[in-house]
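All remarks here apply to the structure that follows.
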Amino acid sequence: MNEIATDAVPEFPILRTCPFSVPDTYRKLDEVGGRVHQIRMSDGRLAWLITKNEDARAVLSDARFSSEKLRPGFPELSPGGLKALTYFSPFLVNMDGPEHSQARRAVLSEFSVRRINAMKPRIQRIVDTAIDRLLAQPERPVDFVAHLANPVPTLVLETFLGVPADDLDTIERNTEKMLREARTEEEQRAAAEGLHAHLDAVIAAKEENPADDFLSRQIERSRRERGGAADRFELASLVQLLQIAGHASSAAMISLSVLTLLSDPEQLKELAADPDRTPAAVEELLRFLSITDTGPLRMALEDVEIGGVRIRAGDGVIIPTLPANRDADAFPDPDRFDIRRTPDTRHVAFGYGAHQCLGQNLVRAELQILLDRLFSRVPDLRLAVDPGALPFKYFGQFFGPSELPVTW
Ligand code: HEM
């Protein structure tokens, strides 16, 4: 790591206080000048912070930056956090190079536009049933997070993965225990063992009753590759990864998108009058909200120059998506939410390069269907509280409201 003046270095993570605004620390770093900044991680070590869109895409598409989080020296968000990874087989997000490409190829067709398009009628039924339930609530206001933003992605994942919604909820709760509630290594190991025992039962049940779904096809693939019984440990790691990557992210994105539109009646009216605008509006919501604040994270394998700074082999690099998607050099008037903006593939809400989000087609379909159905079926939907009074939190690395009281 290069020499620095230590007292001026901000600490990471840099968290949001307002759902729509880039934290002041990023603006102050911009004012200080320079494109790539040093930050201090929770264990006291220094790492590099990437805030420019062009630099973010350069790092994320450069194989000299590793995603293998168990490499000694990989930047750590919270002390001991990476230990939990040792209880699972490394899958996708924690792999590099040919090993990563092979693992990605094994699941890629599951996320294709064709497969996701085929799922759309089922996603619409899930959304409509959830809206029916919302409308049937005997009292108002109703919490949109509890009634729509949380259950819809669980039910979509249930359909996609072929894992019952109750099991997905249990996996999420047990992952939370392992990652955030365990205070000692023993507690963390016990939580991981509980998680594996449950995942093992989920996979065994699917082996007994295969269907036309992701997990059944992955069990079949694993059997074919091994010429015998499926590798349940690998499959458990895959299901757990998709649950943690896919649920909290989609739930946060749904509630923040609805909050953004309810807070902007003019643009909501325009969107409701012309649903053909929804795909572009969803792309703008993804850019504007950029809910992944604490990553992606990488470690340099060689010395690399980015944005005029020499990053040394072994240095940690953090590429939060919000500043990169609010970079004025990439997006004119970047802090303005504008559903008329021409969609720009440079946004990095889903990352970029080899690890770009596999679930992005699924999320786009889910958001488009949900916004169309919600605002056409409940045209009077509105916030029931002052937006300034809403509680927000981080669901893992994703930022969103923990409650969103609405009425109509
Ligand atoms: C709004 C919702 C979502 C956001 C903002 C999001 C964001 C991201 C980002 C930024 C990455 C890149 C990580 C990196 O470069 O290290 C990523 C990767 C990934 N996402 Fe998502 N994601 C979302 C939803 C989903 C869903 C629904 C699924 C699956 C059902 C999913 C599965 C994955 C997987 C498997 C990867 C790793 C890909 C790889 O390493 O090759 N994501 N996501």
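The values are calculated or read from the model by the stated rules, or taken from the named source; none is laboratory data. In this text the structure is predicted, and so the values were computed from the model without any measurement. No Cβ is skipped: glycine too gets one built from the backbone with ideal geometry, and neighbour counts run over all protein chains shown. We work out accessible area using only protein heavy atoms, side chains counted, and drop any ligands, DNA or RNA first. Shrake-Rupley method; radii C 1.70, N 1.55, O 1.52, S 1.80 Å.
Distance between the 7 Å Cα→Cβ label points at Ala204 and Arg122: 2.5 nm. Put the Cα centre of region 360-400 next to the Cα centre of region 1-71 and the gap is 28 Å.
With θ taken as phi - 60° and the Karplus curve 6.51 cos²θ - 1.76 cosθ + 1.60 applied, the whole-hertz 3J(HN,Hα) list for region 105-114 is 4, 5, 10, 4, 5, 5, 9, 5, 4, 4 Hz, x standing for glycine and proline.
Compare Val127, Val363 by solvent-accessible area with a 1.4 Å probe and give them largest first, with all protein chains kept in place.
The ranking, largest first, comes out as Val363, Val127.
Using θ = phi - 60° in the Karplus curve 6.51 cos²θ - 1.76 cosθ + 1.60, the 3J(HN,Hα) couplings for region 225-230 round to 5, 9, x, x, 5, 5 Hz; x is entered for Gly and Pro. The magnitude of the dipole of the chain, with charges of +1 and -1 set on the Cβ of Lys/Arg and Asp/Glu and taken from the Cα centre, is near 600 debye. In region 6-407, taking the dipole from charged Cβ atoms about the Cα centre, the farthest positive-side position among Gly33, Ser402, Ala245 is held by Ala245. Under the shape rule built on the C-alpha gyration tensor, where the axes satisfy a ≥ b ≥ c, the chain is oblate, since a/c reaches at least 1.5 while a/b does not exceed b/c. Evaluated with a Cβ-only charge set (Lys, Arg +1; Asp, Glu -1), region 258-391 carries a dipole of roughly 260 debye about its Cα centre, given to the nearest 20.
Per-residue ellipticity at 222 nm, computed for the chain from helices alone with -39500 (n - 2.57) per DSSP H run of at least four residues, works out to -15000 deg cm²/dmol.
Roughly speaking, to the nearest percent, how much of the chain's 1.4 Å accessible area is carbon and sulfur?
Details: 9120 of 18220 Å².
Of the solvent-accessible surface of the chain, carbon and sulfur hold 50 percent.
Using a probe of 1.4 angstrom and keeping all protein chains present, the accessible surface of region 6-407 works out to 44 square angstrom per residue.
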